[in-house]
Amino acid sequence: VSRAIPLRFAKKSFWLHNIVRSAARSRRSTEEKLMKKHIPLTILIILTLLFIWGQSVLPASTSASESSWVMDLTRPFLELFTGPGNVTDHLVRKLAHATEYFVLGCEVALWCRWKLKDRKKIFKFLVLLLFGLAVAFIDESIQFFSPGRSMEFLDMMIDLGGVTIAGLVFLAIPEKKN
């Protein structure tokens, strides 16, 4: 008994085989493009983490001098919101926490959007919040061991607030469907 495939089925089979091969090739090229996006973003996230944790390692005196430099730089802008003479070192430090973590939150939210593209938005948001909480805890733990600094629960909540705002911004932006 011959098991030869009739010519008309062989042509259809060859045609179907080519479609499957081209779809697989297309999927690989899309994944390669995404990998090219992931690498720089992952490096940026690592650099942001190093910056955040590097600030926590600084002794209190060095941190205070950096804060006063930032306060002098931002005072004219901040006084538009607080009024003349109301910009304090405390305010600048807390805004720095929120800003650092907002930037980190945007980076990680974008990473989650690309890397976890098949997951629901709420899952990505929860991953972002857990990551932000872990980073904030490590940040405050580092400060506990830095001379003249302490671990502050309020700072952890401000850090988490920055990440949360970034996550909410990314939740509000619609994702492109492929």
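The values are calculated or read from the model by the stated rules, or taken from the named source; none is laboratory data. Just so it is clear, the model here is predicted, and its values are computed rather than measured. So basically every Cβ, Gly included, is an ideal-geometry build from the backbone, and we count neighbours across all protein chains shown. Surface accessibility is based on the protein's heavy atoms, side chains included, excluding ligands, DNA and RNA. Shrake-Rupley method; radii C 1.70, N 1.55, O 1.52, S 1.80 Å.
Remarks
- Computed FRET value (nearest 0.05) for ASP89 with ILE39, which takes r as the C-beta separation and R₀ as 45 Å: 0.70
- Gain on full stretching of the segment that runs from THR82 to ALA172 - 0.36 nm per residue minus C-alpha separation: 29.5 nm
- The portion of the accessible surface of region 137-178 made up by carbon and sulfur, rounded to a whole percent, is 74 (1.4 Å probe; DNA, RNA and ligands excluded).
- Ordered by solvent-accessible area of protein heavy atoms (1.4 Å probe), largest first, the residues LEU49, LEU110, LEU80 come out as LEU80, LEU110, LEU49.
- Rounded to the nearest 20 debye, the dipole size of region 77-178 about its Cα centre is 800 debye, using +1 on the Cβ of Lys and Arg and -1 on the Cβ of Asp and Glu.
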